[in-house]
Each structure stands twice: as C-alpha cells, then as structure tokens.
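To start, the structure under review is shown below, and the notes come after it.
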Amino acid sequence: MHLEDTNYESIECGGFYRTLTEAMKDMATVWNMDLRLIYVSPSVENVLGYSRKEFKELSNNSGKTSFRHIIAPGSMNTFLNIINRRIKEYKKWDTSELQHPVELELIRKDGSTIWTETKNSFMRNSDGERTGFISITRDTSKRKKNQEILLESEERYRNILESIEEGYFEVDLAGNLTFFNNALCGIMGYSKKELMGMNNREYTVLKTSKQAHETFREIYATGKPAKIANYEVIRKDGNTRIHDLSASLMSDSSGKPLGFRGITRDITEHKAKDQELKKSYDKLQNMLEETIRTLAFTVEVRDPYTAGHQRRVAELSYAISEKMGFSPEEVRGVKMAALIHDVGKIQVPAEILSKPGRLTSNEMDLIRTHPMVGSDILRRIEFPQPISEFVLQHHERINGSGYPHGITGEEMHIEAKIIAVADVVEAMMSHRPYRPALEMSKAIEEISQNKGILYDAEVVETCLSLLIEREFAFS
C-alpha cells in the first residue's frame, strides 16, 4: 500500500483516514518526528498480540530502547539504519525513497516472531512541513516461509542436478541452450560461457539435427515426453560421441510452451562394448551352429537315404515358427533343434536305417529309441533353449499316441509340435528305401485329416498356409 504525503490536522479527529486505517487488516501506526507513537490501528492485536493501549505504552515508555521489545535482534540494525538515515536526515529523502518497503522481524506479545513488510509516508502540517510519518505494516510470515521453502527446493534441485553424471539441459523453442548443469559442460567439452545460448545445430551432425528437430516438433505437438536413441554429438575437440536423450515440454503457469528440458547420457563406450559383445555372441552362435551341422552330417553319412532330411525339416520348421510370430531367438531355437532332431539315430545300425523292406518289431523298437538317445546327447550341451527336450518330443502326438513317453499336447513344447508336423511333411515328400516320394497333396491330406488329433491345429493351419499359398518350398 502506498500513501502519498498526507496533511493530517489531527489523527485523533476521526474522519475518512481513521475509518480507513481501522478497517485494514494491516497494522497502521502514526509517529511524530521524535518517534513518539501518536496512533495505532486496532489490527495491532491480530498482528502483534498487543492491545492498542499496551502497544502505545510499550512504544512510548523509554524512547528507542522500547523498540528492543518489538524488533527482533536480527532486524535491529536495519531498523536503526532507517531511524538514522530516513528520520534524522529526512530533508535529504523524498517521498518515494521513504516509501520503499522495509522487511523487519517483529516480536509478538507471546514471544513468537513474525516477518513483516513496512511502508512509510511523511505527514505534513498545513504549512507543508513534515511533522511525522505513517507506517503500514503487513504480516508476511507465510510469504517469507513459502519463499524459504522455494529457495530450499531450488537449492536441493540444483544440488541434484550438479550431482548427477548425466547432462541436464533446457532450451528455448528455437533450440538454444538457456540452462544446463556442469555435467553437460564436461560431456560437451565446452565452458559454461561457450555453451550458453548455443543452438543444437552447432554441436550435432546434420542427420542428428534433423532427428532432433522432428522429435521436438512431436513433443511440442503432443505435449508428451520423447526419446532420441543414438544421438550423435560433436564435442569441442571434434570427436563425435553417441548419446541417448530424453526430453519433455516446458510450459508457463498458463500452459504456454516455453521450450524443452531433458537429460542426455554419453553411451559411446557402452555402445562399443555392446558391439563387442554382439560380435562375441555371433561368433559363439556360429560355432554352435557349426557343431549342430557336424552332428547332423554324422547322422546323414550313416543313412544316405535320409541325407538332407534334417536340413529340410529345419527349413520348414523355421518358416512355420516365423509365420506364427516367434521371436528371432525362438525361431533360431526351433531351427537348431530341427537340424539335429534325428541325431539319436547314430546309435541305430546303418543296415536297419537303410533296410528296403518292412522293419521287424524289434527293429522298430530300436528305431523308436532315437529321440531319447538324441536328447541324452544334447543334454550335455548348454543351449539358449531346451533343445534336448524339443528333440525328445518330436515324435510325440497331442492325443498321447506318440513315443517315447506318450505325452499329450499340454505337456509338449510348441517347438516340438512344429518339428513334428515338419518332420511328417518332409518324410512323406522324400524318397525312402521302402517307398518312392509321395506328392505334396498326400502330405497335406495327412496333416489336414489329423489336425487337432495327432498334430497341433495352429501349427497345421500355418503349415497348410505356407504350402498351399506357395509361400514355402524345400530347397
């Protein structure tokens, strides 16, 4: 509240000014030039807890020393400075200077303290001489407390930003840096002075600059945070680094967009390690697949009539699992198991495998051991998936009529169900010692008639789609 120089004939005379001051929540006091209290408004009781009489007696009791009962020690020097400079030398001060708000901590009657803001205006008599001043004092404790909380929060926020390794940044809508932490300076290799105001086009390659522009446009349009992977940043020393960046929209209290804020992390070394790990993994994967091919070749050497059978079953199994939506790792597991699903036949005598006539009961029993033998061989190898179980189950049937354990579909791996269908289709379409190759139509008829009985319905439907629509052909 600003009061201009006021001509008070007598503050006790009532009238407009007295009505005004007594209606205010703020405390109004009127002093002469000797700092003697002339008037105090009723609101003194709410602000300081004193009655008007008590406050007047306290203020006028012993001159300046009485203010030590009202002014908190931390604000006493500020108060005395006002007295010495604005009252004793009042001729040198104009009204606007006197009205400048003064912040003081005051002592209430109960001993508690409050923060206040006081504004002063000179009073003049009819001759224009300054005879005293009026003070308007407002309790600002809540505002002060909120300011302290805000400052503490800002300090905590700054400490967090300076303690993290990631670079924090804020840019305006044009992409110019307006705020950032020290970590960003270290990441970019620039000083704070150099980095301030720099546009993202100045430290990114053209491809990354376009990527950033599109991403920030999307954030601006949707208001949703977004990420940029493999964000290429050019350091001051000319080295290009790879970053991961996350950003969100900054808005004012009305919701008007102001710019963007985000976190950026240098992942150059991490990405290099990932690439090395991938190379190492690919190398091990190739070694494993070569081992699988060697095992498959060992079986085919002993059974020339089924040479290529496992490879062709693997081709069809791969196509079925891929069409069914398996992940790349799962598809690779199916293919790997199919490539060696008959590895257990290595224990079956070659003359039985290539016998042109009908097998005896004993010979058939020996043939039926190959899933278990193959599973036992593979169980000793550490595969990413349970390959040995897929091989063990590839002759099982979903109605429990298969071998070696006669389990049902609920107990079978889906991978084994795929290999089972692919195995039947390829076997029927290939030459055997005891019969010539059959037409594809016969294989289609076999799996169609036994769909949901011997073979998994979804696997059969997928296989039929591949064969009928000619989306697949054996190599």
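Over region 112-261, what percent of the accessible surface lies on carbon and sulfur atoms, probe 1.4 Å?
50 percent
Given the pairs Lys210/Lys236; Lys145/Lys224; Lys355/Lys442; Lys227/Lys279, which are separated by over 29 angstrom at their Cα positions?
Listed pairs above 29 Å: Lys145/Lys224.
Quick check on packing: order 328-339, 386-397 by the mean number of other C-beta atoms within 10 Å, highest mean leading.
The densest-packed peptide leads the list: 386-397, 328-339.
Relative contact order for the chain: what percent, with Cα pairs under 8 Å and sequence separation of 6 or more?
8 percent
Set Lys and Arg Cβ to +1 and Asp and Glu Cβ to -1, take the dipole of the chain about its Cα centre, and tell me which of Val233, Trp115, Thr78 lies farthest positive.
Thr78
What is the calculated FRET efficiency for His100 to Glu54, with r their C-beta to C-beta distance and R₀ = 35 Å, to the nearest 0.05?
So, using R0 = 35 Å, E works out to roughly 0.75.
Just the accessible area per residue of the chain, please: how many Å² with a 1.4 Å probe?
Per-residue value: 55 Å².
Given the C-alpha atoms of the chain, compute the convex hull and give its volume per residue in Å³. The partial results should precede the final answer.
Details: hull volume 134.4 nm³, N = 475.
It comes to 283 Å³ per residue, whole-number rounded.
Would you calculate, for the chain, the mean residue ellipticity at 222 nm contributed by helices, counting each DSSP H stretch of 4 or more residues as -39,500 (n - 2.57) and dividing by all residues, to the nearest 500? Before the final figure, lay out each step's value.
Numbers: 19 runs with 213 residues, N = 475.
The helix-only estimate for the chain comes to -13500 deg cm²/dmol at 222 nm.
Post the alpha-carbon centroid distance, region 147-178 to region 200-242, in whole angstrom.
So the separation of the two Cα centres works out to 20 Å.
What net charge do the residues around Glu276 carry, taking every other residue with its C-beta under 15 Å from that of Glu276, with Lys and Arg at +1 and Asp and Glu at -1?
Around Glu276, the charge tally is +2.
Extending each Cα 7 Å along its Cβ direction at Glu411 and Asn32, get the distance between those two points in nm, one decimal.
11.2 nm
The values are calculated or read from the model by the stated rules, or taken from the named source; none is laboratory data. The structure displayed is predicted, hence computed values, not measured ones. Here the Cβ is made from the backbone with ideal geometry for all residues, glycine too, and neighbour counts use every protein chain on show. These accessible areas exclude ligands, DNA and RNA; they are computed on the full protein's heavy atoms, side chains included. Shrake-Rupley method; radii C 1.70, N 1.55, O 1.52, S 1.80 Å.
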